[in-house]
1. Mind pulling the per residue volume of the convex hull built on the Cα atoms of the range 1-51? Å³ is fine.
2. Let me check I've understood the local charge: for LEU13, count other residues with C-beta under 12 angstrom from its C-beta, Lys and Arg +1, Asp and Glu -1. What total comes out?
3. Once you have the Cα-Cα distance between LEU35 and VAL7, take 0.36 nm times their residue separation minus that, and quote the gain in nm to one decimal.
Amino acid sequence: MTLRDFVADLAPLMDRSTALLAPLRWGSGIKLKVLVALAHGCPVLCSSVAAQGIVPSTSTQGVVVEDDLA
């Protein structure tokens, strides 16, 4: 995992990424970063909060939702 500061263009990073991690615990609306990752074919591992409003496709893209904090 690499933490980065501001990135002007996420496309090159998304194209090289294995997956996007989105462990959001609160929020509302559709989470744009999740949609951007899916648009780049990057699987997403996220909480149910991050997946709200997003229906995973049946193609090679996917969303894995896990809320078990144990």
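Bear in mind that the values in this text are calculations on the coordinates, not laboratory data. These figures come from a predicted structure and were not determined experimentally. Cβ placement follows ideal geometry from the backbone for every residue including glycine, while neighbour counts extend to all protein chains displayed.
1. Dividing the Cα hull volume of the range 1-51 by its residues yields 91 Å³.
2. Details: positive: ARG4, ARG16, LYS33; negative: ASP9, ASP15.
Overall, the nearby charge balance is +1.
3. Values: separation 28, 0.36 × 28 = 10.08 nm, distance 1.69 nm.
Full-extension gain reported as 8.4 nm.
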